[in-house]
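Right, one structure below, let's go through it.
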Amino acid sequence: MEINECKEAALYAYWILKLRPFAITDAQYSKITDACHINELFVIYFIGLILESTGRIKQTTSIKDSYGRFLEYSFRFRSFSIRLVR
């Protein structure tokens, strides 16, 4: 069974947001706001990279500029079900 790249990326993003596998353990960087949201920022970059490589958007930077903060907030404080990913 094969699924398209965007759906596969969405599944990876879902599990990264759910399990939060990345963490900054160095005390020097733990006070930096962006370091605290490393999982959300990684997912935004990952989804942008997949959309860019499949030709659905032209530049990854356009996502970060226009929807980056909104996506980061949504990924951090809202809950998503796996049904939305399918």
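With the structure loaded, tell me whether LEU41 is at pLDDT 85 or above and surrounded by fewer than 11 Cβ atoms within 10 Å (Cβ to Cβ) or whether it fails that test. It is false that LEU41 is at pLDDT 85 or above and surrounded by fewer than 11 Cβ atoms within 10 Å (Cβ to Cβ). Restricting the search to the stretch 1-20, which residues are under 14 Å from PHE75 (Cβ atoms) and open to solvent by 70 Å² or more (accessible area, probe 1.4 Å)? Result: TYR12, TRP15, LYS18, LEU19, ARG20. With open to solvent by less than 70 Å² (accessible area, probe 1.4 Å), modelled with pLDDT of 80 or more and hydrophobic (A, V, I, L, M, F, W, C) as the only criterion, which of ILE82, ILE32, ILE50 stands out? Criteria check complete, one pass: ILE50. In the stretch 18-45, which residue that is part of a helix (DSSP H, G or I) and of a type in the set (S, T, N, Q) is farthest from the chain's Cα centre (by Cα)? This residue is THR33.
The values are calculated or read from the model by the stated rules, or taken from the named source; none is laboratory data. All figures in this text were calculated on a predicted structure; none of them were measured in a lab. Ideal geometry is used to build each Cβ from the backbone, glycine not excepted, and the neighbour counts take in all protein chains shown. Quick note on the areas: whole protein, heavy atoms, side chains included, nothing else; ligands and nucleic acids left out. Shrake-Rupley method; radii C 1.70, N 1.55, O 1.52, S 1.80 Å.
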